[in-house]
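Note sheet for the following structure.
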Amino acid sequence: MADFTAPGWSTFIAISTALSLIACVVLLVLAARRRVVADDNTTGHVWDEDLREMNNPLPRWWMVLFVLTVVFAAIYLAFYPGMGSRPGSLGWTSSGELEKDQNRARAEFAPIYARFASMAPEQLAADAAAMGTGQRLFLNQCAQCHGSDGRGSKGFPNLGDNDWLWGGEFDTIVQTITGGRIGNMPPMAAAVGSAQDVRNLAQYVLSLSDSPHDAPQAQMGKPKFAVCAACHGAGGKGNTALGAPNLSDKIWLHGRGEAAVTSAITRGHNNVMPAQARNMTPDQVRVVAAYVWSLSRATVTTAVTNAETTAATTATTTTTTATATTATSATPANTTPPR
Amino acid sequence: MTTPVPATSALPANQREEVIWLYQKSPKIQPRTVHGWFAGWRWALVWATQLVFYGLPWLLWNDRQAVLFDLEARRFFIFGLVLYPQDFIYLTGLLIVSAYALFLFTTVAGRLWCGYACPQTVYTEIFLWIESRIEGDRMQRIKRDAASWSVQKLLRKGGKHLAWGTVALWTGFTFVGYFTPIRSLGVAVWSFGLGPWQSFWIALYSLATYGNAGWLREQVCLYMCPYARFQSAMFDHDTLIIGYDEKRGEPRGTRAKRGTDANRPLGDCIDCGLCVQVCPTGIDIRQGLQYACIGCAACVDVCDGVMDKMRTPRGLIRYDTQAGLEQAQPASARWNRVLRPRVLVYSAVLVVITAALGTSLLVRPTFRVDVERDRGVMARTVEDGWVENVYRMHLMNNTEAPQRYRVAVQGLPGAQVELRGPAQAGPAQARWVPLVVRIPPQAAAALGSGAHAITFQIDPWTDSSRAEKSSFVVPR
């Protein structure tokens, strides 16, 4: 992308800069001589009876420094950008600087991640430093969609419920994070039939998970389920190869109730998770994947239990392990009893 | 000041113009060494300030350096105090206190900072002392400067610059030692393992010390420092300045003249010129108060010495107020004017701000906490109809002991708090802890949709708990 709208501006800037530098030196030379008109070091004029203006010489070191700054400016402009669009002999750019910083950061972090690279997910989940890094990576990269606690919200999967759209094995999680996912359900209304057929089918789907449903309508919708079984499986158990959710559990990513199911059948879904390969190195992806994997191992049910908090504290400890053990051995008072 | 321009006899009708170069090399000022009461105070302050500056980085506290400004980790340690960048207000407070203190004692007694405590003066004093030890006293130095180069001169000058360079390097090293632990910095220097930035800063600060104290000296005071120029705003007629008592001293002259003109007795000033010789900025105080006078009182000391030899009372050049010098007031009148409105106002402001700063440091909480609503999730309904809101708790441990925290929520009937991370912070550590507040479906229905105000109580066990306001959203 060009710096200026028209190429002539670059020349204008370059010429102005050069002229200004030359003008500074010219000014210095032109002012170098002064006339002595009075013998008391003043300009010779008197105002208001006794006000005079001194005409002191400038210290020579000041002039020398001034010249040095002009010389420095000339050298700088040769090496760095400043004369219009000219990039300078060193080829410095701020994006290049950023890249250098990032490379240096990666080199500094490499030994840390090298240690993690050789660890299995269970070991990573038990390692305090790994989980600390994993949590920080998660909070920076993933929490925008999946929430700071990783439990998601409507349309953004809950990573802690041990229910996986694409598979919950560690390697699958790594693949999901690296390449992203596109959860696409095509609109099925045409294949199902009329609007009433769609509603019946929705009731049947609700019945699969023992959610509140209308039994007669569900019966009528049952034969229509064949078109759904192609992706969602015979009993609606889901298909992780396709990312098709398990319809027979109580976890509803896109909302619960007939309206949500009807909308899914009629309009379909296209839920996209962006690929994170651009944001994280493969080592980092591994660590954050281990963190995500550990989330679902820590959570048992949705209810708050003391055991859960203890497990969470054991799994994710801080820098001082001594304090951590004190924390877990003491009564976990991190939660308040229900009021 | 600088060399006066060669005088021309300016006859009004026939102005002879002489064209000279605007940029003049300032003559080197070789101040004469002086001993006396005020010189003693100046040296006492040199010792005091430099003992603190050079000594403080070597002190230890809890196995770490007592005074350390760790820029990389963004923590600033001052003995037991752990300061975060969020605590910059204390630095601001300190600067305000310094400014008002400066205004106060300048209004009362003139340029005390310049003459006694300013680093420029202090380092110039140290470098001058080195110069006088190696090159000799004033006359010897002037003669040597005028002499041609010889082995002796080379050795003396070279030795002096070497000594200056060593002091400058040690100063630079100490300065960087406030930001990198000085012991490990010393090891790095010894083993040639200095990082590029450390080397740069040590070199820069050393160069600045060497240049300012060795070469520039009074040029800083005369041309660079703004303090000289706005002193007229801080002085008034009752400010103690260093002044020459004209009434007592004039007409000046050497005593040999005494006999020649008995009708015009001479004043106490014998025109020895010592007050000019000792002046580090090269002025003649007998011309009156000048911006270039830094108030070092060297002329006071030397003139008092001369007065002693002449067996006349001391104080021909003395600290006095302008009003006192003009009207020859006694000392008591001077004291009466010390507590004038300006001084009282400065003192009051100074006391208030110092008290505020001190109190706020004393009652500083042991931790800081911010509870922010999660940016990703506004509210979520989970299985069984419970409504959850997600928050991030940002904890900042202000102490060097690890802390644990307990979180409770108020203002929400039926609410449960669930931490989704360990509510702990290590020494001087800052961390995020995600947490969730959930209410049962009946409570959600009772509250109704929308945002409801709640308060978090975060309890660190070792201190009183802090309240943080937030909101809980029930989705439609």
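Would you mind stating whether A:V25 is more than 14 Å from chain B (Cβ to nearest Cβ) and within 23 Å of B:Y223 (Cα to Cα)? No: the conditions fail for A:V25.
The residues of segment A:124-148 that are more than 10 Å from chain B (Cβ to nearest Cβ) and over 10 Å from the mean Cα position of the chain (by Cα), listed by number, are A:L124, A:A125, A:A126, A:D127, A:A129, A:A130, A:T133, A:G134.
Screening segment B:109-122 for residues that are crowded, with 21+ Cβ neighbours inside 10 Å and of a type outside the set (S, T, N, Q) and picking the one that is farthest from B:V34 (Cα to Cα) gives B:G110. Does segment B:341-394 hold any residues that are without any contact (Cβ under 8 Å) to a residue 60 or more places away in the chain and among the small types (G, A, S), and which are they? Those that are without any contact (Cβ under 8 Å) to a residue 60 or more places away in the chain and among the small types (G, A, S): B:A348, B:A355, B:G358, B:G376, B:G385. Of the candidates A:S248, A:S263, the single residue that is closer than 26 Å to A:L159 by Cβ and either out of contact with any helix residue (DSSP H, G or I) (no Cβ under 8 Å at 6 or more places or on another chain) or assigned by TED's automatic domain parsing to the domain that holds A:E169 (or both) is A:S263. The set of residues from segment B:408-426 being in a loop (DSSP other than H, G, I, E, B) and within 7 Å of chain A (Cβ to nearest Cβ) comprises B:P413, B:G414, B:A415, B:R420, B:G421, B:P422, B:A423, B:G426. The set of residues from segment A:23-53 being of a type outside the set (A, V, I, L, M, F, W, C), assigned to a loop (DSSP other than H, G, I, E, B) and either surrounded by 11 or more Cβ atoms within 10 Å (Cβ to Cβ) or in contact (Cβ under 8 Å) with a residue 40 or more places away in the chain (or both) comprises A:D39, A:D40, A:N41. Screening B:Y210 with (1) among the aromatic types (F, W, Y); (2) crowded, with 20+ Cβ neighbours inside 10 Å; (3) outside any helix (DSSP H, G or I) gives one miss only, at (3). For residues that are among the aromatic types (F, W, Y) and either within 48 Å of the chain's Cα centre (by Cα) or loosely packed, with under 13 Cβ neighbours inside 10 Å (or both), tally how many sit in segment A:57-76. Of the residues in segment A:57-76, 3 are among the aromatic types (F, W, Y) and either within 48 Å of the chain's Cα centre (by Cα) or loosely packed, with under 13 Cβ neighbours inside 10 Å (or both).
Out of all the residues in segment B:371-407, which are surrounded by fewer than 21 Cβ atoms within 10 Å (Cβ to Cβ), more than 7 Å from every other protein chain (Cβ to nearest Cβ) and within 14 Å of B:A423 (Cβ to Cβ)? Result: B:H394, B:M396. When residues in segment B:213-227 are screened for being surrounded by fewer than 16 Cβ atoms within 10 Å (Cβ to Cβ) and either away from every other protein chain (no Cβ under 14 Å) or within 13 Å of B:T121 (Cβ to Cβ) (or both), 2 of them pass. Return yes or no: is A:F4 in contact with a helix residue (DSSP H, G or I) (Cβ under 6 Å, 6 or more places away or on another chain), loosely packed, with under 15 Cβ neighbours inside 10 Å and more than 14 Å from every other protein chain (Cβ to nearest Cβ)? Yes, satisfied. Say whether the condition of being part of a strand (DSSP E or B), buried (at least 17 other Cβ atoms within 10 Å of the Cβ) and hydroxyl-bearing (S, T, Y) is met by at least one residue in segment B:328-348. Within segment B:328-348, not a single residue is part of a strand (DSSP E or B), buried (at least 17 other Cβ atoms within 10 Å of the Cβ) and hydroxyl-bearing (S, T, Y). Tell me, yes or no, whether segment A:97-105 has at least one residue that is out of contact with any Phe, Trp or Tyr (no Cβ under 9 Å at 6 or more places or on another chain) and of a type in the set (K, R). Yes - at least one qualifying residue is present in segment A:97-105. The sole residue among B:V34, B:V46 that is under 30 Å from B:I134 (Cα atoms), away from every other protein chain (no Cβ under 12 Å) and at pLDDT below 95 is B:V34.
The values are calculated or read from the model by the stated rules, or taken from the named source; none is laboratory data. In this text the structure is predicted, and so the values were computed from the model without any measurement. Backbone-built Cβ (ideal geometry, glycine too); neighbour counts: all protein chains shown.
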